[in-house]
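Just below is one structure, and these are the notes that go with it.
The values are calculated or read from the model by the stated rules, or taken from the named source; none is laboratory data. Predicted model, so just to flag it, every value in this text is computed and none were measured. Reconstructed Cβ throughout: ideal geometry from the backbone, glycine too, with neighbour counts over all protein chains shown.
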Amino acid sequence: MKYGKIIDRISALTQLSPAERRLTALLETDTRQIALLDQASIAEKAGVAPATVSRFARKLGFTHFSSFMKALRDEVAQGIAPMQEYLQRKNASKAGNTAEYLNAQLSRATENIRQTFNEIDPAQFEQAVEWLSDEKRKVWVTGRAASESLASYFFLRASICRDKVFQIIPNSSNLGQQMADIAKNDVLLCLSYTRVASSTLRTMELFREFGGSIILIADRKVSAAARLADLCFITQMRSGIGMFNSYAATTVILDALYEAIALRRHASISARYARIEKIFDTFHTFEQ
């Protein structure tokens, strides 16, 4: 769920200290639980001093911490839990058979794609393709939870189009080795939705510290992840009447990106593809 009023205040801030970024990330990823905590517990959970929490509340325009917490709790109380939202959609729907569910989902996915692409800035897309196609840059991709499978999808296709494409898997025990070769001017494609994973934020922060550029595909313009990105593409994800988000628009964006990379790299892609196929044949990877 999105708790826009407080998040909108945060987004209006021009600068955030490292401690304030940790507080912001905590608010975005665990809002319901934070609304139940006291000042000391929030500070401990964010790894900051209690006084920092009070200062942050005042920075957001609240007279004191208690008024900030009241506003936060009011916003949470007005929200609808994901399961309740699903049941409301389901009960309101007239879908009575599988075909009607299919039609509803197809209609919603089509609208998500249309709305998403209407909002994409062509200049930003062109910049993203330029970075991702540049042979002088290494390309990194990451995502958590459902986003991890989308990151893998892009990694597999993009690594056919060009060399030096790497997937960062944050929960891996060899994370240090995975990220050790990140260099200045490398580019990170990051996918992050709904609840921003703390590991995603840490990855983005390190990437920026190492001098890289960040492309974010997300469902919110206002988030800790969006503030770390150089380019941001916002996707619509509403489901038809189902319980889960729709990633149709995201998949089309990823398709457009790697197809554009292939077009830019057409001179070298045939030889690379042939070499990949030869390796598959050597290991009898696929049945003929």
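Within the group Ser66, Ser11, which residue is polar (S, T, N, Q), in contact (Cβ under 8 Å) with a residue 60 or more places away in the chain and not assigned by TED's automatic domain parsing to the domain that holds Ser223?
Numbers: Ser66 fails: in contact (Cβ under 8 Å) with a residue 60 or more places away in the chain.
Exactly one of Ser66, Ser11 is polar (S, T, N, Q), in contact (Cβ under 8 Å) with a residue 60 or more places away in the chain and not assigned by TED's automatic domain parsing to the domain that holds Ser223, namely Ser11.
From the list Phe117, Phe56, which residue is in contact with a helix residue (DSSP H, G or I) (Cβ under 8 Å, 6 or more places away or on another chain), of a type outside the set (D, E, K, R), modelled with pLDDT of 90 or more and not assigned by TED's automatic domain parsing to the domain that holds Leu231? Give the steps one after another, and end with the answer.
Values: Phe117 fails: not assigned by TED's automatic domain parsing to the domain that holds Leu231.
Just one listed residue meets the conditions, Phe56.
Just name the residue that is modelled with the lowest pLDDT out of those in segment 1-29 that are touching a helix residue (DSSP H, G or I) at 6+ places or on another chain (Cβ under 8 Å) and not in a helix (DSSP H, G or I).
Within segment 1-29, the match that is modelled with the lowest pLDDT is Met1.
Can you name every residue in segment 234-288 that is within 30 Å of the chain's Cα centre (by Cα), among the hydroxyl-bearing types (Ser, Thr, Tyr) and not in a helix (DSSP H, G or I)?
Residues satisfying the conditions are Thr235, Ser239, Ser246, Tyr247.
Residues to consider are Ile182, Ile160, Ile168, Ile217; find the one that is within 21 Å of Ile113 (Cα to Cα) and in contact with a Phe, Trp or Tyr (Cβ under 7 Å, 6 or more places away or on another chain). It would help to see each step written out before you state the result.
Numbers: Ile182 fails: within 21 Å of Ile113 (Cα to Cα); Ile160 fails: within 21 Å of Ile113 (Cα to Cα); Ile168 fails: within 21 Å of Ile113 (Cα to Cα).
The conditions single out Ile217.
For the condition crowded, with 21+ Cβ neighbours inside 10 Å, modelled with pLDDT under 90 and of a type in the set (Ser, Thr, Tyr), what is the one hit in Tyr258, Tyr193? Don't jump to the end; show me each part of the working.
Values: Tyr258 fails: modelled with pLDDT under 90.
Checking each option against the conditions leaves just Tyr193.
Can you spot a residue in segment 176-189 that is under 21 Å from Leu231 (Cα atoms), touching a residue at least 24 places away in the same chain (Cβ under 8 Å) and acidic (Asp, Glu)?
Scanning segment 176-189 turns up at least one residue that is under 21 Å from Leu231 (Cα atoms), touching a residue at least 24 places away in the same chain (Cβ under 8 Å) and acidic (Asp, Glu).
Find the helices (runs of 4 or more DSSP H) located wholly in segment 134-220 whose residues include 1 or more that are within 10 Å of the chain's Cα centre (by Cα) and over 17 Å from Ile261 (Cα atoms), and list them. Can you show your working first?
Details: elements: 146-161, 175-179, 198-209.
Filter on segment 134-220 gives 146-161, 198-209.
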